[in-house]
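Here's the structure we're looking at; comments come further down.
All of the numbers you see were taken from the coordinates with simple rules; none came from a lab. Not measured: the values here are computed from a predicted model. When we count neighbours, we look across all protein chains shown, and the Cβ atoms used for this are built from the backbone with ideal geometry, even at glycine.
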Amino acid sequence: MTSPTRVVLLTALAMLAFAGNSLLCRIALRDTAIDPASFTALRIGSGALILALLLRSRGARPATGGSWMAALALFSYAAFFSFAYRELSAATGALLLFGAVQMTMMGFGLFSGERLGGIKLVGLAVALGGLVALLLPGLSAPPAAGAALMAAAGISWGVYSILGKSLGEPIAATGGNFMRALPFAAALALTAVNHSSIDLHGAAYAIASGAVTSGLGYVIWYAALPSLKATQAAIVQLSVPAIAALGGALLLAEPITGRLLLASAAILGGIALTTMGKRPAKQRGP
């Protein structure tokens with residue numbers, strides 16, 4: 001049996017890794033010369049490499065798990081995520097991403113016949129209200145194009161999570177999906193070759209995002225996940241936007257506005273209410 005201390009440590013490291021994806025992408029696209037398409041390609045490539053090496057060390061074939069449909073969803077998430085962070089702060093991007101993922105998952109559940117009532121319905125309304133409040137036009141509203149791209153990234157990750165339920169052993173499936181996503185990433189890089197730009201620091205951030213905070217981050221999360229109840233797994237991921245906001249403020253000198261704080265409280269609080277009294281599907285973390 002896994003010790004409680006080990007579970008807490010693994011869970012904390014996984015949440016730091018997921019928030020780290022936002023920070024690494026934002027700092028790369030804000031402060032270095034790398035373009036979004038190149039960042040996406042390097043992120044997927046380095047993630048595929050680290051997962052392939054891990055699976056090989058276990059005697060498994062890297063490309064046997066996963067599916068092409070899941071790989072397309074994974075690529076779509078990574079691409080929309082990169083292009084969105086040209087305009088969004090780390091905190092706003094993480095909040096929009098997390099909200100879109102959860103709304104997609106809940107929407108699929110409702111479409112599949114699940115019913116929300118009482119406190120869960122209140123939670124959904126509060127979360128939707130928080131998203132609307134964040135996106136309403138105003139001095140501190142995020143850019144519309146960036147917000148739309150991040151919402152698309154969240155929807156793509158929600159679809160990936162839904163598809164992932166039937167793909168078997170998670171590390172093998174994730175490794176296979178990263179391998180299958182390579183042609184999509186290469187095609188994106190080729191279409192943007194006339195506008196591509198890469199420097200050493202930008203490449204380093206992209207590789208760290210793929211190999212460490214994505215590839216190894218997922219491995220750490222899957223090591224902790226069996227010891228967490230489904231509700232615990234859902235609720236603990238509420239910490240990711242908060243960690244990203246703190247990291248953005250401390251490392252990137254990004255402001256935390258009152259509007260962002262209020263919207264965060266509404267969105268994350270509302271989502272927390274929807275997890276009460278049910279056992280939601282464990283998700284693959286972004």
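How many nm separate the modelled label positions at residue 253 and residue 68, each set 7 Å beyond the Cα in the direction of the Cβ?
The answer from the label model is 4.9 nm.
Considering the chain as a Gaussian network with a 10 Å cut-off on Cα pairs, which listed residue, 221, 157, 68, attains the greatest mean-square fluctuation?
Judging by the Gaussian network model, the answer is 68.
Remind me, what semi-axes does region 151-263 give for its equivalent ellipsoid, largest first in whole Å, using sqrt of 5 times each Cα gyration tensor eigenvalue?
26, 25, 14
Take the Cβ-Cβ distance between residue 193 and residue 57 as r, set R0 to 41 Å, and report the resulting FRET efficiency rounded to the nearest 0.05.
E between residue 193 and residue 57, to the nearest 0.05, is 0.75.
Mind giving me the FRET efficiency for residue 200 and residue 262? R0 is 35 Å, r the Cβ-Cβ distance, nearest 0.05 is fine.
Step by step, r from the Cβ atoms, then E = 0.30.
Would you list the P(r) distribution for region 1-67, with all Cα-Cα distances sorted into 10 Å bins from 0 and each bin expressed as a whole %?
Once binned at 10 Å, the Cα pair distances of region 1-67 give 16, 30, 37, 15, 2.
In Å, the Kirkwood hydrodynamic radius of the chain over pairs of distinct alpha carbons? The partial results should precede the final answer.
Working: mean 1/r = 0.0529 Å⁻¹.
By the Kirkwood definition, the hydrodynamic radius is 18.9 Å.
Comparing 144, 245, 266, which has the greatest mean-square fluctuation in the GNM of the chain with Cα pairs linked when under 10 Å apart?
Maximum among the listed residues: 144.
Would you work out which of 201, 50, 5 lies farthest towards the positive end of the dipole of the chain, given +1 charges on the beta-carbon of Lys and Arg and -1 on that of Asp and Glu, about the Cα centre?
Final value for the positive-end residue is 5.
Among 119, 44, 34, which one shows the highest mean-square fluctuation when the chain is modelled as a Gaussian network with alpha-carbon springs under 10 Å?
Residue with maximal mean-square fluctuation among 119, 44, 34: 119.
Among 69, 150, 179, 103, which comes first, then next, by fewest other beta-carbon atoms within 10 Å?
Ascending number of Cβ neighbours within 10 Å: 69, 103, 179, 150.
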